[in-house]
Amino acid sequence: MKAIRNHRVSHRATDCLRPTASPEAGFKLMELLVVVGIVMIIAAAALPSISTTISNMHLSSTASSLAGGLQSARYLAISTGCPVQITVSAQTYKAAAPTVSGTPPACSTTYPYPVYPTGGNPIIQYASSDVSCTTPQTVQFNPNGTVSAATAPGTTPTQTTFSFPLAQLSGTAIKTVNVSGIGYVSIQ
């Protein structure tokens, strides 16, 4: 009798550990459909906000990229001692610098400048497809760091300021990359 009782006790102990199937376990199809519906409504409400955020990020990125290109052209003009022109179009820019040759080094006098110092005249895309510069123009950075309207070699550049307004094609946000007469590049 004692052995049977121990067997019953051990059997009862393992019964507690076994999962029991109940008719209430799991989710009902209706509950699952309600949860999926709520998630879809929240996602639909958040989608315009997410789209606006992404467009604003593209605009900020474009402004930073263009400002970086302008600053690079300025630094190139200062380091080579020759003027550097940068042509900004709707979504690309192209920098052109004279070749430096001779002893002492001298800037080439051909116009327009033939090649970028790295051996090509690359066109660099600075804007995503949903952002565009509304006032494309060509500016010249002079060896002293100032900026002027693009001129032919040997002519005296007129120092001025430039603005490159960048606009979202599908929105109303605008950022402007400004270049002061002394070559300071800022974003507003």
message = Which condition from (1) surrounded by 12 or more Cβ atoms within 10 Å (Cβ to Cβ); (2) in contact (Cβ under 8 Å) with a residue 12 or more places away in the chain is the one that TYR75 breaks?
response = (2)
task = Report yes if THR118 is of a type outside the set (Asp, Glu) and either at positive phi or modelled with pLDDT of 75 or more (or both), otherwise no.
result = no
task = Could you grab me the full set of residues in region 160-186 that are crowded, with 16+ Cβ neighbours inside 10 Å and aromatic (Phe, Trp, Tyr)?
result = PHE162, PHE164
key: Candidate set: region 89-99, residues that are in contact with a Ser or Thr (Cβ under 7 Å, 6 or more places away or on another chain) and under 21 Å from LEU70 (Cβ atoms); chosen: the one surrounded by the fewest Cβ atoms within 10 Å (Cβ to Cβ)   = ALA90
task = Looking only at region 92-107, decide whether some residue is among the hydrophobic types (A, V, I, L, M, F, W, C), at pLDDT below 90 and part of a loop (DSSP other than H, G, I, E, B).
result = no
ask   = Has region 152-173 got any residue that is under 19 Å from CYS107 (Cα atoms) and free of Cβ contacts under 8 Å to residues at least 24 places away in the same chain?
value = yes
ask   = Quick one: in region 138-159, which of the residues that are surrounded by fewer than 14 Cβ atoms within 10 Å (Cβ to Cβ) and of a type in the set (Val, Ile, Thr) is modelled with the highest pLDDT?
value = THR158
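This table checks each residue for (1) of a type outside the set (Gly, Ala, Ser); (2) surrounded by 14 or more Cβ atoms within 10 Å (Cβ to Cβ); (3) free of Cβ contacts under 8 Å to residues at least 60 places away in the same chain.
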| residue | (1), (2), (3) |
| --- | --- |
| GLU31 | yes, no, yes |
| VAL35 | yes, no, yes |
| ILE41 | yes, no, yes |
| SER49 | no, no, yes |
| SER55 | no, yes, no |
| THR62 | yes, yes, no |
| LEU70 | yes, yes, no |
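The values are calculated or read from the model by the stated rules, or taken from the named source; none is laboratory data. Just so it is clear, the structure is predicted and the values come from calculations on it, not from any experiment. Please note: Cβ atoms are built from the backbone with ideal geometry, for glycine as well, and neighbour counts cover all protein chains shown.
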